[in-house]
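A quick write-up on the structure given underneath.
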Amino acid sequence: GQEQGLTWGGIRSMDEIIDDPHLQDRRFFVDVEHLELGRSFIYPGAAAIYNGSPWRISRRAPLIGEHNVEILCGELGLSKADLAVLAESGVI
């Protein structure tokens, strides 16, 4: 591949990545509690280590559709009736 000028590299499974000694030493992966599901999930952490400015994950990822009302009504100006029509038709 290199002789042909191709970019290439090894492919590892998520288990191999999570168990990587370098990433373990850096404490790259963090457990984030997901209260709605009653368990925690492994999330990737900071891409770099910052001196004097600690980086952390402060909350879980949003649920699917969790911010629909906020975005569709607050940002895009749709009404609650518009949302009901979208929900009834299976759009959201």
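What to note about this one:
- In the range 29-64, the residues that are assigned to a strand (DSSP E or B) and in contact (Cβ under 8 Å) with a residue 24 or more places away in the chain: Val30, Val32, Glu33, His34, Ile42
- So Ile64, is it β-branched (Val, Ile, Thr) and exposed (fewer than 10 other Cβ atoms within 10 Å of the Cβ): yes
- Among the residues of the range 1-49, the ones that are of a type in the set (Phe, Trp, Tyr) and exposed (fewer than 12 other Cβ atoms within 10 Å of the Cβ) come to 1 in all.
- From the options Glu36, Glu75, residue that is farther than 30 Å from Asp20 by Cα and not basic (Lys, Arg): Glu75
- Some residue of the range 65-87 being under 27 Å from Leu35 (Cα atoms), in a loop (DSSP other than H, G, I, E, B), of a type in the set (A, V, I, L, M) and without any contact (Cβ under 8 Å) to a residue 12 or more places away in the chain: no
No value in this document is a laboratory result; all are computed from the given coordinates. Quick caveat, the model's predicted, so the values are computed rather than measured. Positions of Cβ are generated from backbone atoms using ideal geometry, with glycine treated the same way; all protein chains shown enter the neighbour counts.
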